[in-house]
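Step one of this worksheet: look at the structure below.
The values are calculated or read from the model by the stated rules, or taken from the named source; none is laboratory data. The model shown is predicted, which means the values in this text are computed figures rather than measured ones. Every residue, glycine as well, gets a Cβ built from its backbone with ideal geometry; the counts of neighbours run over all protein chains shown. Only protein heavy atoms, including side chains, enter the accessible area calculation; ligands, DNA and RNA are left aside. Shrake-Rupley method; radii C 1.70, N 1.55, O 1.52, S 1.80 Å.
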Amino acid sequence: MPFRRRPSSPNSPQLPFARRTASPTAGPLPTETSLTGEVLRVVFANPDNGYAVLRLKRDGGAGEAVLAGSLSGVQPGVRIEVTGHWMDHSQFGRQFQVENCRVQLPTSANGIEKYLASSVPGISTKLAKDIVKHFGDQTLEVLEKESWRLREVHGIGAMKLKQLQEAWQKSADTREAMIFLQGIGLTPNLAEKVIQKYGAHSAPEIVRKNPYRLATEIEGVGFLTADRFALSQNIAPDSPFRCSAALAYTLDQAQQDGQICLPKSKLFEEAERLVAQPPEALQNGYDEALRNGLIREENVPAEIASEPDCYLPQLYYAEIQLAEILKILLKTPSTSYSSQSLPGFSGNLRLNAEQLQAVRCALASPLSILTGGPGVGKTTTVAAMVKAALARGWSVKLAAPTGRAAKRLSEATGQPATTIHRLLQYNTKLKGFAFNPDTPLPCKFLILDEVSMLDVPLARSLFRAVRPGTHVVLVGDKDQLPSVGPGAVLHDLISCGRVPVTELKQIYRQEAGSRIITSAHEVNCGIVPQLTNPPRGTRGDFYFYAGEDPEKTAEFIASLVSRSVPQFFGFNPLEDIQVLTPMRRGECGTIALNHELQAVLNPPSPDKPELTLNSDPPRVFRLGDRVMQTKNNYEKQVFNGEMGRIIEVNPATRSFQVLFDQAKVEYQAADCGQLLHAYAITIHKSQGSEFPCVIMPLLPQHYMMLQRNLLYTGMTRAKKLYILLGSEYSVKTAVRNDTPTQRYSLLAWRLNR
């Protein structure tokens, strides 16, 4: 293989990130991080996401500046103070990217005139000019304290006066609420959400009384933001409000880590790190959270647990409902089948005894599980199940958590397959799935692949839509990483003992020659695979390159992806090669690697429009970039883990389009928090996908993630070529560590109640 074998000797230099400026004579960027002045006009505004472009007349005769960012509701004439950074936009020139904004009332006559015309309903441009001409820079004081004097202006009668007084009061409430909320650190967009939730008149008082309501009731406002303001207002550090919100926030963070619930002692332990309060204060906060419905508690028998388990309400009800639905499904009587009585089978269909047993279970049982590692014939068995079900005249539906997995399932069976979300058909008007208990899925036989990815909320929605009498088959590898979302559905269904499980173990002859397959099975059995490479000049499907330096490994990965692997194996670097890594942070984490790989695979170019986002560091979304959706977006019908390519960028509207496997989706700048670049992704996020070539670092800096199921999952994502980079010590540590992070869940217990 004609490329260097050690990251310590990369064969290409690190490419610096290139900044593109609108003009070669623009000069160096200013170093200012804050600006003040009067808003002259709104150049562009998107009310859906709060993004706006403004022109600012700067204080002190410093000229004008173009501002861009989250500036929802900022009107001409007002004075603002913004913080952020300067950048050179490739198409629109120099801009100040706003990170925070505080609005102030205008003080000049010209500013007051613009403000009245743009912000107060009922005041036209002409009327605003007449009012300011009469009262000058005292106009706002007159409106606030002596509004009856507006009758002095020609054309304002008694009825018009009343309308203007009401409009001014309403706008004054909104203005004061906006100033207050932005003063505590909220963006204009978030401040508008708070005002819509509580009303302009009530919002400041509600927030002053209990700022922690923002963290639990307003999407986008976290506990830490609310906590900073609360402590600045001298709310006691041991306040029940504070401790209650901290406990709810801790459960939310646990949910992000895949937990359905936490034991009470662990919940208190994690929350204590956050607020540094003793157990007595946390107990008071816990009682407050229970009273207000922020937390639900489940007491289980002593033989199961010695203390209560604590849930966020939505996960509590999701787990209960899922268990009840599954128990009802499992009560459906089963039927026995012999291999001779299986319809649709011919003598030349080669299934071993385990595979035949799986097909029998699928046809006989209302719910069954097929599991096994790579190369053991799960795909062949699923195809046999579909053939047998169709021969019985059953209607069949196939689904998987991701578009890529659904595509593979369809290719294997010759039948249409879709993602679970699209199978259930989300209805944006009803804010729910079209298929539900009232409108169940119209099928007799349902196969779900890659079920290790299935979390509790999605499983609940899915099984709620299953019609009684439907046969459901869950297919997945029980030894892979658990779902990214909360819960461990496949693990719990297997461990409860109530669901028939068939595990395939025989590796087929054609797969036995693959070192990817054999090495993955060795890892799964706790055996360190051979790390020797094929002879130089020959091709294999498994390579290991030793090295421990993260920076040099990152450089070597960029060289492999951009040059060596495409040249030697013929893979398309943008289509066929996927870098997987255990973590997001660090030199060999997804953040740094995506920056490096974007620079070498999709560098800046005059014919590639791009969109730069306010972030630290700034993120650039460029035409041709590979991206991944990181949360379910039902409005756009694109879901967590789906990968696509940017096919169009419109800098003028700050928007771009992404082509996913099953849909084309438009994004505005404000939506980009849902997207990550996907030249490199975490191993967790790779579940449900397969790639022709996988390149994966495994270094000592990943020590917190060095687990057997993580290495195994990464290996099994590769179809034709797997390249592992790192230290033998890290590989051995991962193989020997068969104690993955515990997932707290009571689903198995509920199924046996």
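At a glance:
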quantity: Beta bridges per DSSP with both ends in the chain, % antiparallel, nearest 5; calculated: 60 percent
quantity: Carbon and sulfur %, accessible surface of segment 562-605 computed with the full protein complex present, 1.4 Å; calculated: 48 percent
quantity: Å² of accessible area per residue within the chain, as computed with a 1.4 Å probe and no ligands counted; calculated: 44 Å²
quantity: Taking the convex hull of Cα positions in segment 435-505, its mean projected area over all directions (nm²); calculated: 5.1 nm²
quantity: Cα convex hull of segment 49-139, projected area averaged across orientations, nm²; calculated: 6.9 nm²
quantity: Segment 51-97-segment 533-577 distance, computed between alpha-carbon centres (Å); calculated: 45 Å
quantity: Neighbourhood charge, 11 Å Cβ-Cβ cut-off, centred on S727 and excluding it, Lys, Arg +1 and Asp, Glu -1; calculated: -2
quantity: For segment 394-483, the spread of Cα positions along each principal axis, largest first, Å; calculated: 35, 29, 22
quantity: Bins of 10 Å from zero: percent of alpha-carbon pairs in segment 451-549; calculated: 12, 31, 27, 20, 9, 2
quantity: Alpha carbon Rg of segment 500-580, scaled by the compact-globule rule 2.2 N^0.38 Å; calculated: 1.35
quantity: Ellipsoid semi-axes in whole angstrom, largest first, where each is sqrt(5λ) of the Cα gyration tensor of segment 504-640; calculated: 32, 20, 16
quantity: Gyration tensor (alpha-carbon) shape descriptor, segment 187-259, a/c threshold 1.5; calculated: oblate
quantity: 0 to 90° range, to nearest 10: angle between helix 353-364 axis and the chain longest Cα axis; calculated: 60 degrees
quantity: Relative contact order, percent, the chain [alpha-carbon distance under 8 Å, six or more residues apart]; calculated: 12 percent
quantity: Segment 556-614: C-alpha gyration tensor shape, a/c 1.5 cut-off, then a/b vs b/c; calculated: oblate
quantity: Selection from L181, L150, G220 lying farthest towards where the dipole of segment 149-236 points positive, charges on Cβ; calculated: L150
quantity: P(r) tail fraction, segment 160-224 - alpha-carbon pairs more than 19 Å apart, %; calculated: 29 percent
quantity: Between helix 550-559 and the chain: long-axis angle, C-alpha atoms, 0 to 90°, nearest 10; calculated: 80 degrees
quantity: Relative contact order for segment 91-139, counting Cα pairs under 8 Å that sit 6 or more residues apart, in percent; calculated: 32 percent
quantity: Using alpha-carbon coordinates, inclination of helix 590-601 to the longest axis of the chain, degrees; calculated: 90 degrees
quantity: Dipole moment magnitude, nearest 20 debye, the chain about Cα centre, only Lys, Arg, Asp, Glu C-beta charged; calculated: 2000 debye
quantity: Charge dipole (debye, nearest 20) of segment 576-696; +1 at Cβ of Lys and Arg, -1 at Cβ of Asp and Glu; calculated: 180 debye
quantity: Magnitude of the charge dipole, segment 545-631, Cβ model with Lys/Arg +1 and Asp/Glu -1, debye to 20; calculated: 280 debye
quantity: Calculated FRET value between D257 and E303, using beta carbons and R₀ = 41 Å, to 0.05; calculated: 0.95
quantity: Which of F92, S108, Q662, positive extreme of dipole for the chain (C-beta unit charges); calculated: Q662
quantity: Segment 623-668: projected area of the alpha-carbon convex hull, averaged over directions, in nm²; calculated: 2.9 nm²
quantity: Protection proxy ranking, peptides 28-41, 350-363, average beta carbon neighbours within 10 Å, highest first; calculated: 350-363, 28-41
quantity: Positive-pole candidate from M628, P651, F639, dipole of segment 622-690, charges at beta carbon; calculated: P651
quantity: Long-range Cα-Cα pairs in segment 61-106 (distance over 12 Å), rounded percent; calculated: 64 percent
quantity: Reachable lysines, given that their alpha-carbon falls under 20 Å from the alpha-carbon of K327 and they are not under 8 places away in the same chain; calculated: K444
quantity: Cα-only radius of gyration and Dmax that characterise segment 106-237, units Å; calculated: 17.8, 56
quantity: Segment 607-703: translational diffusion in µm²/s, Stokes-Einstein, Kirkwood Rh over Cα pairs, 20 °C, 1.002 mPa s; calculated: 149 µm²/s
